[in-house]
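The structure under discussion appears below in the form of structure tokens.
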Amino acid sequence: MNAKNIAAAGSIVLLAACAGTPVEPLRATAQLQPTKGSKTFGEATFEEQDGKVHAVIYVQGLKPGQEHGLHIHEVGDCSSGDGMSTKGHFNPYGKPHANAGTPERHAGDLPSLKAAKNGRAKVDVMLDVITVAPGPASIVGRGLIVHADPDDYKTQPTGNAGARIACGVIRAE
């Protein structure tokens with residue numbers, strides 16, 4: 001076998017090996033920290049799979065038994081102390097604010113957190129409007145906000161969910 005044939009055979013072996021290697025999904029995380037005067041904190045993971053994003057968000061220090069609004073906001077900046085530096089809901093397609101289960105909604109509209117008696121809540125959901133990959137719907141570099149009150153899913157453009165009690169920046173892993 002000459003050098004050319006050896007190189008070609010090596011390339012075929014490498015390509016075959018790569019074809020069988022599973023591709024790691026794109027992931028992003030956020031550490032939720034309390035805003036001034038709050039004790040609410042948590043963590044979130046976002047994993048892109050098959051054209052959707054699997055979001056798992058754990059939050060503690062919530063008012064027991066209450067719903068709390070949860071949104072992705074435009075800017076990943078929690079420096080203001082009250083979460084207002086994250087600006088408005090992430091809405092790259094100019095849609096109205098609505099429930100996360102409806103097709104016509106902000107990209108940043110997420111299901112509400114429902115706190116248990118111990119003040120903890122978890123959201124585990126597949127989302128179809130956002131991406132972790134770069135592009136107009138990418139959530140990387142955006143803010144994740146937990147609100148003090150339930151989201152009414154009607155009031156435009158915020159859902160009337162009240163003060164921002166926890167804030168985190170979504171970062172690629």
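Bear in mind that the values in this text are calculations on the coordinates, not laboratory data. Quantities reported herein were computed from a predicted structural model and do not represent experimental measurements.
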In whole Å, largest first, what are the principal axis extents of the Cα atoms in the range 105-169?
38, 26, 20
Kindly flag which residue pairs out of Lys52/Lys154; Lys87/Lys114; Lys52/Lys122 have an alpha-carbon separation exceeding 22 Å in this structure.
Lys52/Lys154; Lys87/Lys114
Spatial extent of the range 25-172: Rg and Dmax, with the Cα atoms as the point set, Å:
13.6, 40
